[in-house]
Amino acid sequence: MVVLKGLGFELARQRGSHVVLRRGAQGCVVPMHRELETGTLHGILKQAGIDAEEFLRKM
């Protein structure tokens, strides 16, 4: 979630262990777990409209 905030996303709301982050009209749902499965991370990046290289550069 920290990397997405660094890319301009802001917390829109939270329900339980999931948060919704928004950057303009673009949004994504992120589970607040210590570890994410590879497919889950891929889905989050797809929702956010971010490619893997951009995500890795911000880490």
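Values in this text are rule-based calculations from the coordinates and carry no lab data. Worth saying up front: this structure is predicted, and the values here are computed from it rather than measured. No Cβ is skipped: glycine too gets one built from the backbone with ideal geometry, and neighbour counts run over all protein chains shown.
Based on other C-beta atoms within 10 Å, arrange Val29, Val19 from fewest to most. Mind dumping the intermediate values first?
Numbers: Val29 14, Val19 18.
Neighbour counts put them in this order, fewest first: Val29, Val19.
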> Which GluC sites (Glu not before Pro) does the chain hold that lie in a coil by DSSP with at most 15 other beta carbons within 10 Å?
Replying inline: Glu35, Glu37
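Would you mind ranking Phe9, Phe55 so that the residue whose beta carbon has the fewest other beta carbons within 10 Å leads the list?
In increasing order of surrounding Cβ atoms, one gets Phe55, Phe9.
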> Considering amide H positions built from the backbone, and no H for Pro or chain starts, which residues 5 or more places from Ala12, or on another chain, come under 5 Å of its amide H?
Replying inline: Val20, Leu21, Arg22
